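Okay, structure first, notes after.
The values are calculated or read from the model by the stated rules, or taken from the named source; none is laboratory data. Keep in mind that this is a model prediction, so the values were computed, not measured. Positions of Cβ are backbone-derived with ideal geometry, glycine not excepted, and every protein chain shown enters the neighbour counts. The protein model used for the area step is the full one, side chains on, heavy atoms only, and it has no ligands, DNA or RNA in it. Shrake-Rupley method; radii C 1.70, N 1.55, O 1.52, S 1.80 Å.
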Amino acid sequence: MEQALAADDARLQKRAELSIRVTKLADLAYDDQRGQCDWESVTRDMGMPLIECLRLFDPSLSTFSVRSLPNITDWLANDLSTLKSLVSEQFGAVTADEWPLVGIYMNVEQADCFMAHTMCTFPQMTPDLHEAITRHRNANMEWKNIFEKHPLFSCISGLRNAYYEFKEPGDSKLKAIYSEWTVTDTCRIQELVQTYYKPENQREVLIQAQMAFPNRLQQSIINKIKCTLHNWNADDVARLVHLVSTYKRGEIDWAAIGKDLGRTADLCHLKHDQLDLGNFKPTVEHSQTVSREVQKQYEQQHNMDWTGIAQQLNLSERECLEANQFNTGKAQWIYHPDTFSWDMANRMKTFIKDNYPEPLPVNYTAVSNYMWIDMDDCVKMASLLRGEMAWTSETIAQVVELRKQGMIYKDIARQLSPVLNKSKVVAAYYGHIKSKVNAPLTCKEKHRIKELVDTHAEQMSFTELRALVVQKMTLVNQQALGSFINSYAVSLPVYKERLHNTDTEQIASQILNGTKPGELAAQFDIPPLMLTRLMRKNASTKLNN
């Protein structure tokens, strides 16, 4: 026991020492202009992963203060880009425990980091952003420059549309078109629906409503009619319940009920389903009773007779399906293009359509019990059958790999989902490339560039070296790539020696007489940045003299 306690104390002592060291290095690497610490240099000095360094950092020992950026307009474009890159590369999906680490890296309050990342993931127009854009527009700033300053939306048109949709219409005619429906207008629509709406002739009520509201958009009127049809008063509901009670279960004539109530059969069916959902909520006793009966049937025949179970327990089939919690023996259903069965898919789609028509939420416990398939697999398959796709980093990586193998987009879509449109794959693939091309260089990419430069600096000219690195690093921000190659190369001894062996005064004179620095850099086989710094140094010396 004493040995274990001693080992534990030693471990804690070592971690405390590491924490102090990390914090001191972070203070030394702090950049006042950026308001951030250069964590890449800290991880390099410590020889530890970035996440571990962030965990060891102790804010109470640090000398720099945390920034507060509560509004999205407080964030610079570079900070947003760094935040998005950090989350995607280091964390993937950030948990609540990891947001403090994000805050430490950005040197920003963690709540502000969460807000900014949410805005980048689900961009929307906010009052402060709208106000900032208005100021930019009043100053004649182009939309392209505004987009670069606030890179939240996926494209310039998305930002522009969100801005104008957020604005209040100024024209009086527009106000009349877009204004809210008054109580009087709503009552008038209800009268028109009661008088003219017939399930077999739905256009008549629209014509009458357009005549009554000539200044309203047609789509606005249609939406209002639909809303009125979906609104049921107490008398309507009582009448619906009475009419349904006159039929036996499974033999309800929804068309006849709809005609009697002046509504469509689907609306009546939907409303009655909503009433059923509101009345039945499986209790613990219900679930236990149904689950015992299901278990008994499963152990006897591995095949569920839901009709028999419902009759025996005096419940509806759907109530039994929603109440059962016995899940032993349920199959898995993982999509693969070679094994996918449309028979199973259509069986599930039909069950959902019949029992949970929109806008009712689907009860996937019932779906899972009906199909006797794992519930998570049912949820995922239903999503795929709706043409939805979660573009996770793993999915994007799969698309990239299949493209490298030469597979066309149509076949890639088939690999991912039975109904996915190839245009969505194209958009995801090029969105990935665009994000890579426009994103700042990652630590891994910088390390790879340094390796290439170190390996080939003495074997080829700088022009050839730069071309080689660009060829090897195609899916990165080319502007950032060129700048990093230049800035790293100037620190190498081979290029410093070459500059030392030249007549720097003559070079400066040639540049002042009009010779381009790039031409001289190629002539002496050195990075152009060396000549730029040389000219700055000469100019500074002259000013001081």
Which value, in Å² rounded to 10, gives the accessible area of TYR164 with a 1.4 Å probe and all protein chains present? 110 Å²
For the pairs LYS248/LYS349; LYS84/LYS149; LYS296/LYS380, note any where the Cα-Cα span goes beyond 19 Å. LYS248/LYS349; LYS296/LYS380
Please list 3J(HN,Hα) in residue order for the stretch 113-118, calculated via the Karplus relation 6.51 cos²θ - 1.76 cosθ + 1.60 where θ = phi - 60°; whole Hz, with x for glycine and proline. 5, 4, 4, 5, 5, 4
Given a 1.4 Å probe and every protein chain left where it sits, what share in percent of the accessible area of the stretch 343-391 is carbon and sulfur? 52 percent
Just the accessible area per residue of the chain, please: how many Å² with a 1.4 Å probe? 60 Å²
List the residues, sorted by chain then number, that are 5 or more residues from GLN36 or on another chain and whose placed amide H is less than 5 Å from its amide H. ASP31
How much of LEU402 can a 1.4 Å solvent probe reach, expressed as accessible area in Å² and rounded to 10? 20 Å²
Between ASP354 and GLN190, what FRET efficiency comes out of the Förster formula 1/(1 + (r/R0)^6) with R0 = 22 Å and r the beta carbon distance, rounded to 0.05? 0.10
Please give the calculated 222 nm ellipticity per residue for the chain, where each DSSP H segment of at least 4 residues contributes -39500 (n - 2.57) and the sum is spread over every residue; nearest 500 deg cm²/dmol? -20500 deg cm²/dmol
The chain - Rg and Dmax from Cα coordinates, angstrom: 33.5, 105
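Among GLU319, GLU109, what's the order by accessible area (1.4 angstrom probe), most exposed first?
Final ranking, largest accessible area leading: GLU109, GLU319.
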In terms of modelled amide H atoms, which long-range or inter-chain residues lie less than 5 Å from the amide H of VAL108? ARG67
Determine the relative contact order of the chain: mean sequence separation of Cα pairs under 8 Å and six or more apart, normalised by residue count, in whole percent. 7 percent
Just need the Rg to Rh number for the stretch 336-396, please, alpha carbons only, Kirkwood Rh. 0.98
Can you pull the one-decimal nm distance between simple spin-label points at ASP374 and ALA522, each 7 Å off the Cα toward Cβ? 6.0 nm
Rule-of-thumb check for the stretch 439-528: C-alpha Rg over 2.2 N^0.38 Å? 1.15
Can you give the angle from 0 to 90° between the axis of helix 393-404 and the longest principal axis of the chain, with both taken from C-alpha atoms, to the nearest 10? 70 degrees
